[in-house]
2 protein chains.
Amino acid sequence: MIEANLLLQYNAEILNVEKDTSIFDYGSKAQFYFQIKSGEVKMNNINRGGKEFIQGIFYAGQSFGEPPLFVDVSYPAGAEAITDAEIYRLPKSDFFNLLQQHPEAHFKLSEVLASRLYYKAIMASEISSQDPEHRIIRLLDYTKKYIQKMETYETLQVDLTRQQIADLTGLRVETVIRACKALEKMGKLKIRKGKIFR
Amino acid sequence: MIEANLLLQYNAEILNVEKDTSIFDYGSKAQFYFQIKSGEVKMNNINRGGKEFIQGIFYAGQSFGEPPLFVDVSYPAGAEAITDAEIYRLPKSDFFNLLQQHPEAHFKLSEVLASRLYYKAIMASEISSQDPEHRIIRLLDYTKKYIQKMETYETLQVDLTRQQIADLTGLRVETVIRACKALEKMGKLKIRKGKIFR
DNA sequence: TTTACTTTATGACTTAAGTCAGGTTGATTT
DNA sequence: AAATCAACCTGACTTAAGTCATAAAGTAAA
């Protein structure tokens, strides 16, 4: 997360994006640094078969889609607003000027990339381990700790739908629903009115 | 990849690591920056059930295990030499001094993190898509393009064993073997004396 | 060139997650 | 309080990948 003032100083525009609108497409070239002012954004893939895989969901203050600015590859996933959103958009060259002239911002960015890699490493290992319950718990605990920054003893009300959990873990809705029920029976989470608490 | 001279100048030691020796363990704290001088290293997880998941295999010139230097988390996977190896090891504080005093090295590192994220994004989407053949092809093509830096028309002799491919894609050896046979029939790769060519 | 060992290969069987179809609950609007 | 819609839930059935057991190549060393 880079300070708003700094972004604006380096030519950032503010984009108003409506819910369910694409911000960039899978396979396109990266030309901007994006950071969310308000709203929520997801990055996703749709595989041949129509199934969605959500690479990540991003919230106010977070940036997304930076890697292809650094390496010459096209976007490995598309980005789409999942609520109405305001988004800072900084041209690539201005972004690099900013990083060069503000090393502390560059270090902040490294933290962001590093923590994203941490998430991917956990989920990769988890997804491969073939245990729906475990995958879901890991996702929830990650969300609780690193996204919501909550302590273990606090109770998180999960705002993800079963479908989103499925798309984040590579499972099907029905499997997620059944796994959540099983987890509830095991006492690992609570379900009240369909909402999950962990 | 940071220049050897620079590393040494900032207090790097050279570690001699024997094949199959651990370099750091899952769950431990990151205290060093590691870069391979010679040999090969893998980062992996062993899940309850004994199955291995390989996060990545790293070759001479590459660094590994950097993310936990930037964020306060423990290693999400262990590192182990898969051949005898020489490894530069730079204490965390020296590493940060280096980055601060050599912004171009910091930019290089961002490229590394970015390309690693790119790989993880591809494999995450691929692993979730549930199609062994596709997962394997993606892995091979990634290796060919980004690790071996080969052109499409050239033929790569894959040096990964079926077991390694399985552990990188979250499949079982038998499944990989069968999928490779199927891919050969489809003309997507060649197998000669057990070795895969793509 | 035998031995030993690792890697690849194949068949038979099992099982867990996917698929499909339909039903229920909960939230929102009129 | 209907009506509507999205999200959640459930059961029956299918299937693709996992499991297990065993064999055949391939490689390296004695």
Problem - For residue B:172: the one exception among (1) more than 15 Å from DNA strand C (Cβ to nearest atom); (2) of a type outside the set (Asp, Glu); (3) more than 14 Å from the chain's Cα centre (by Cα) - result: (1)
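Here's the yes/no breakdown for (1) of a type in the set (A, V, I, L, M, F, W, C); (2) in contact with an Asp or Glu (Cβ under 6 Å, 6 or more places away or on another chain); (3) farther than 30 Å from residue B:99 by Cβ; (4) at pLDDT below 95:
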| position | (1), (2), (3), (4) |
| --- | --- |
| A:104 | no, no, no, no |
| A:109 | yes, no, no, no |
| A:112 | yes, no, no, no |
| A:121 | yes, no, no, yes |
| A:131 | no, no, yes, yes |
| A:150 | yes, no, yes, yes |
| A:156 | yes, no, yes, yes |
| A:168 | yes, no, yes, yes |
Problem - Residue list for the stretch A:135-157, filter: under 30 Å from residue B:172 (Cα atoms) and open to solvent by less than 60 Å² (accessible area, probe 1.4 Å) - result: A:135, A:136, A:137, A:139, A:140, A:141, A:142, A:143
Completion exercise
Note on the stretch B:168-197: residues charged (D, E, K, R) and either within 11 Å of DNA strand D (Cβ to nearest atom) or at positive phi (or both) are B:172, B:174, B:178, B:192, B:193, B:195
Handout entry: Identity of the residue in the stretch A:160-198, part of a loop (DSSP other than H, G, I, E, B) and among the charged types (D, E, K, R), that ends up most open to solvent (accessible area, probe 1.4 Å)
Key = A:193
Problem - Cross-chain or 6+ apart pairs with Cβ under 7 Å, the stretch A:169-198 first and within 14 Å of chain B (Cβ to nearest Cβ), then more than 8 Å from DNA strand D (Cβ to nearest atom) and open to solvent by 30 Å² or more (accessible area, probe 1.4 Å) - result: A:171/A:132; A:175/A:132
Practice task
Take the stretch B:85-100 and flag every residue that is more than 10 Å from chain A (Cβ to nearest Cβ) and in a helix (DSSP H, G or I).
Solution key: B:92, B:93, B:94, B:95, B:97, B:98
Completion exercise
How many residues of the stretch B:101-147 are within 16 Å of DNA strand C (Cβ to nearest atom), more than 7 Å from chain A (Cβ to nearest Cβ) and not aliphatic (A, V, I, L, M)? The answer is 8
Exercise for the section: State yes or no: is residue A:122 surrounded by 15 or more Cβ atoms within 10 Å (Cβ to Cβ) and within 16 Å of DNA strand D (Cβ to nearest atom)? Expected result: no
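The values are calculated or read from the model by the stated rules, or taken from the named source; none is laboratory data. Note that the structure is a prediction, hence the values are computed from the model and not measured. Cβ: placed from backbone, ideal geometry, glycine included. Neighbour counts: every protein chain shown. For accessibility, only protein heavy atoms count, side chains too; no ligands or nucleic acids. Shrake-Rupley method; radii C 1.70, N 1.55, O 1.52, S 1.80 Å.
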